[in-house]
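The block underneath contains the structure these notes are about, expressed in structure tokens.
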Amino acid sequence: MEVVAESSSASLVLQQEVTEQRRNENRVCKVLDELRQGGFFCDASIRCGNKTFKVQRNVMSTCSPYFRALFTYDENPGELPKKKKRAMSEINIQDMSPEIMEIVIRYAYTRDVPSDMSTVVQIIQAADRFQIEGLLKTCCHALVQEISLETCMQIRSLARAFPFSCCAIKVAADKFLLENFTWIYCFSADFLQLDTDDLCDVLANDRLNVRTESIPLDAVCRWVAYDFEHRYTHADRLLRHVRLGLITNDAFFRILNYHKLIAASPAVHSVLLNASRLMGQPEVRGSAQLSVPRLPNDLVFVFGGSNLGWPLQIVETFDIRSLTWKECSAADFGPRSYHGTVVLGQVVYIVGGFDGSDYINYCCAFYPAFSRWAHVAPMHDKRCYVSVAILDGYIYALGGFDGRIRQRSAERFYPSSNQWTLIQPMLCPRSDGGAATVSGKIYMLGGFNGQESLSSAECYDPLTNQWTLLQPMRECRSGVGVVAHRGCVYAAGGFNGTRRLNSVERYDPDEDEWRPLSPMLNARSNFAMTVIEDMLMVVGGYGGRHTTTRVELFDVYGDRWSISTELSYSRSALSACVVSGLPNVEEYTLR
């Protein structure tokens, strides 16, 4: 493993020197701009519309190859000319507003860009025209930050208009469209304006993030119906990119029944009829062309665990598209059980636990995008059976067992400084509880205090650094699974002091009330629990007699549990998390 070192005094001094140098540069730029506005040392002018801007040719030339060419008439590109043919003192700019020209000139002097996004398109056009690379990059970066469900398609269209200058925007907008396709095709009118080639590219992409292939099928039908007279001939080509072998017959005919106009068209009908026949043939449903699942955008990672009392050195990933598990290389991950796992961005942090010989306080970070591990700073206290949570970019480690006592202490990790800081202790000592974050607060539930399993719950407010008791759960739960989802806290399973539980309950912070939900299909404690694609997922655990490989998924809207693919290895005391948008997701799937 690599060691993440704390910032040394030498690096701090260097950082301060760089900061001071940048301040000096900014002062120089500000003075130059003040001189320009005062008309001092100006040797040229730029006329735009009815406004004339006095400028200094050397400043504009250093910023823009376009202006350098006009001001210098270089005979030898890349070299200063030995002799000018003619010294231009005035340049006329057509087809541009004076307001945009003023922004361009101000950028040449100060490197400042206005925060108002209403003119960013015109600024990009001007930066592209004048070859001002820095301004173009700044605007592209700002536009990438503006990509949302409502703006994605418009920004993507802009990027396609400047394929070379706005490559970064196109990459970001394409990624956002693929990840959020289900919402965008339903609610964005701009989706219906895609041309055939563009839509084919989207549908053919392995990273198209759809829970079922009925979504791309419905998208094709909507797109064709929008301009049926001119588009129905493209249906055959588009449907070749839909994984029809992964659609159930019921879903297939339900969509066609909804889009009756399209299904009734002779040209489209023949395509769909042929597809439906193919779907009924098992040997065809399994073919590569029709039935290869797409790559998952969200990937479940499961770390460590325990079997027969011994910590395990296992890392597995779960592909929600193909419903398959894959064991990953764990060369740098030591045996660990009863630990905590959280995700910040695309970095997984493993906190505390038991390594087979000691209760530990050390932590490590896993970078799945690079398949790399690193040490991070150890906690103040040893914590086995620890509960962890993320809030405002910080990691919280709560309670646990240090080999002597059940802990009340809690601490917070700052990734930027690689430091742990103790916070206000909990109201009750607990190990083997569960924690989750909702609306800026951390909810700590259940656990074991050294004498009995707990039903109590408490809430931490970082603004006041105080804990508050909440309405207790309906049952005592040690080794409980806890997650937050859509503003509520879910508690599942656990040990009540006499038996393992399969019961599930949900807490609504606004009502301060617990409500029972449908029970799990298998009673378990000390299992992993996470949320993936609006479903609760429980993995492994201990059923009372032995550990288990069983995995279940819970539909929160249908209040229904279902069996999923079992783990490769039976174990309890494991942890799970979800990492989204990995560029190398293929490395963690059976592809």
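The values are calculated or read from the model by the stated rules, or taken from the named source; none is laboratory data. These numbers come from a predicted model, not from an experiment. No Cβ is skipped: glycine too gets one built from the backbone with ideal geometry, and neighbour counts run over all protein chains shown. Heavy atoms of the whole protein, side chains included, go into the accessibility calculation; ligands, DNA and RNA do not. Shrake-Rupley method; radii C 1.70, N 1.55, O 1.52, S 1.80 Å.
Give me the residue from region 457-483 that is small (Gly, Ala, Ser) and out of contact with any Ser or Thr (no Cβ under 6 Å at 6 or more places or on another chain) and, out of that set, nearest to residue 548 (Cα to Cα). Walk me through it before giving the result.
Step one: list which residues in region 457-483 are small (Gly, Ala, Ser), which gives 457, 478-479, 481.
In the following step, the residues that additionally are out of contact with any Ser or Thr (no Cβ under 6 Å at 6 or more places or on another chain) were identified as 457, 481.
Numbers: 457: 28, 481: 15 Å.
If we take residues in region 457-483 being small (Gly, Ala, Ser) and out of contact with any Ser or Thr (no Cβ under 6 Å at 6 or more places or on another chain), then 481 is nearest to residue 548 (Cα to Cα).
For region 96-178, which fully contained helices (runs of 4 or more DSSP H) count at least 3 residues that are in contact with a helix residue (DSSP H, G or I) (Cβ under 9 Å, 6 or more places away or on another chain) and in the same structural domain as residue 34 (by the TED database)?
Details: elements: 98-110, 120-130, 133-145, 152-161.
Those helices (runs of 4 or more DSSP H) span 98-110, 120-130, 133-145.
Go through region 287-343 and tell me which strands (runs of 3 or more DSSP E), entirely inside it, have 3 or more residues that are closer than 22 Å to residue 483 by Cβ.
298-303, 315-319
Restricting the first residue to region 108-121 and requiring it to be closer than 18 Å to residue 143 by Cβ and of a type in the set (Ser, Thr, Tyr), which pairs with a second residue that is open to solvent by 20 Å² or more (accessible area, probe 1.4 Å) and modelled with pLDDT of 85 or more meet a Cβ separation below 8 Å and a spacing of at least six or different chains?
Within 8 Å, the pairs are 119/99; 119/103.
Scan region 536-545 and give yes if some residue there is basic (Lys, Arg) and assigned to a loop (DSSP other than H, G, I, E, B), otherwise no.
There is at least one residue in region 536-545 that is basic (Lys, Arg) and assigned to a loop (DSSP other than H, G, I, E, B).
Considering only region 210-256, give the helices (runs of 4 or more DSSP H) lying wholly within it that have at least 1 residues that are within 21 Å of residue 178 (Cα to Cα) and in contact with a His (Cβ under 8 Å, 6 or more places away or on another chain).
214-226
Would you check which residues across region 544-591 are of a type outside the set (A, V, I, L, M, F, W, C), in contact with a strand residue (DSSP E or B) (Cβ under 8 Å, 6 or more places away or on another chain) and open to solvent by less than 40 Å² (accessible area, probe 1.4 Å) and list them?
Result: 544, 547, 548, 552, 564, 570, 571, 572, 575, 588, 589.
With respect to residue 552, determine if the residue is in the same structural domain as residue 305 (by the TED database), among the charged types (D, E, K, R) and assigned to a loop (DSSP other than H, G, I, E, B).
Taking the combined requirement at face value, the residue does not satisfy it.
Given the structure, is residue 533 over 19 Å from residue 434 (Cα atoms) and either open to solvent by less than 40 Å² (accessible area, probe 1.4 Å) or in contact with a Ser or Thr (Cβ under 7 Å, 6 or more places away or on another chain) (or both)?
yes
Considering (1) without any contact (Cβ under 8 Å) to a residue 60 or more places away in the chain; (2) not assigned by the TED database to the domain that holds residue 246, say which one residue 223 fails and leave the rest.
In the conditions (1) without any contact (Cβ under 8 Å) to a residue 60 or more places away in the chain; (2) not assigned by the TED database to the domain that holds residue 246, residue 223 misses (2) alone.
If we scan region 201-224, do we find a residue that is open to solvent by 50 Å² or more (accessible area, probe 1.4 Å), modelled with pLDDT under 95 and among the aliphatic types (A, V, I, L, M)?
No, region 201-224 contains no residue that is open to solvent by 50 Å² or more (accessible area, probe 1.4 Å), modelled with pLDDT under 95 and among the aliphatic types (A, V, I, L, M).
Of the numbered conditions (1) under 25 Å from residue 309 (Cα atoms); (2) open to solvent by 30 Å² or more (accessible area, probe 1.4 Å); (3) not in a loop (DSSP other than H, G, I, E, B), residue 484 fails exactly one; give the number of that condition.
(1)
In a strand (DSSP E or B), closer than 30 Å to residue 209 by Cα and open to solvent by less than 30 Å² (accessible area, probe 1.4 Å): does that describe residue 348?
yes
Checking residue 558 against (1) of a type in the set (Gly, Ala, Ser); (2) in contact (Cβ under 8 Å) with a residue 24 or more places away in the chain; (3) not in a strand (DSSP E or B), only one condition comes out false. Which one?
Tallying (1) of a type in the set (Gly, Ala, Ser); (2) in contact (Cβ under 8 Å) with a residue 24 or more places away in the chain; (3) not in a strand (DSSP E or B), residue 558 fails exactly one: (2).
Give the number of residues within region 432-457 that are open to solvent by less than 50 Å² (accessible area, probe 1.4 Å) and over 20 Å from residue 421 (Cα atoms). Lay out the reasoning, then the answer.
Taking region 432-457 and keeping what is open to solvent by less than 50 Å² (accessible area, probe 1.4 Å), we get 432-438, 440, 442-447, 449-450, 453-457.
So of that shortlist, the ones also over 20 Å from residue 421 (Cα atoms) come out as 432-434, 438, 445-447, 449-450, 453-457.
Count: 14.
Take region 504-523 and flag every residue that is in contact (Cβ under 8 Å) with a residue 40 or more places away in the chain and under 14 Å from residue 493 (Cβ atoms).
Hits for region 504-523 are 504, 516, 517, 518, 519, 520, 521.
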